[in-house]
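Here the structure is laid out as structure tokens; the discussion comes afterwards.
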Amino acid sequence: RHRYADGVPMGYVESYFKYPLCDFLLKETEETFNTTSVYQIVAKKPSTRIKRIQKTIEAVGATEAEAKFLNIKKGSPLNLCTNVCYSQETGSPVIYEVLKYRGDKNKFYIEINLE
């Protein structure tokens, strides 16, 4: 998924879902993914409802492809975030995400409470 602010590309997210646990997502429409939080979509099943997220944030340099998409110079700072999202029901991982955001245009405040 691409992230924009006022039409300007700010970053992107790659989400990986545990299969076959999350195979019901294959029936969702593109419109649903464009208008609804991934966490709300997976919450439709008790076994995939997220309770806990482990997030890592680090600084990296933009690759050539990332720089082209974000309209920045190669090597410009990006915030690389990884999320491991755990099921409320089983405690096992359900989603793994890689997020990359422009380091010059983003600021993070993190508070996660899914109860």
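Any read-out appearing in this document is the output of simple, stated calculations on the displayed coordinates, not a laboratory observation. This one's a predicted model, so the numbers in the text were calculated from it and none came from an experiment. Every residue, glycine as well, gets a Cβ built from its backbone with ideal geometry; the counts of neighbours run over all protein chains shown.
Add +1 for every Lys or Arg and -1 for every Asp or Glu among the other residues with Cβ under 14 Å from the Cβ of residue 90, and state the total. Here the charged neighbours net out to +4. Only lysine pairs 8 or more places apart or on separate chains count here, and in the chain those with Cα atoms under 19 Å apart total 15.
Net charge of the neighbourhood of residue 17, taken over other residues with C-beta under 12 Å away and scored Lys/Arg +1, Asp/Glu -1, is -2. Taking square-rooted eigenvalues a ≥ b ≥ c of the alpha carbon gyration tensor, is the chain rounded, prolate or oblate, where a/c under 1.5 means rounded and, failing that, a/b exceeding b/c means prolate? In terms of gyration-tensor shape, prolate. Looking only at the stretch 5-32, which residues have a backbone nitrogen under 19 Å from a spot 7 Å from the Cα of residue 107 in the C-beta direction? What the label zone holds, given the 19 Å backbone N cut-off, is 5-6, 10-11. Which residue, chosen from 41, 67, 57, occupies the Cα position most advanced towards the positive end of the dipole of the chain, where the dipole is computed from +1 (Lys, Arg) and -1 (Asp, Glu) charges on Cβ about the Cα centre? The listed residue farthest towards the positive side: 57.
If you take the square roots of the eigenvalues of the alpha-carbon gyration tensor of the stretch 33-85 and sort them as a ≥ b ≥ c, do you get rounded (a/c under 1.5), prolate (a/b over b/c) or oblate? It is oblate, given that a/c is not under 1.5 and a/b is not larger than b/c. Summing Cβ point charges (Lys, Arg +1; Asp, Glu -1) relative to the Cα centre of the stretch 1-46 gives a dipole of roughly 220 debye.
A simple charge model with +1 on the Cβ of Lys and Arg, -1 on the Cβ of Asp and Glu and nothing else charged puts the dipole of the chain at about 140 debye relative to its Cα centre.
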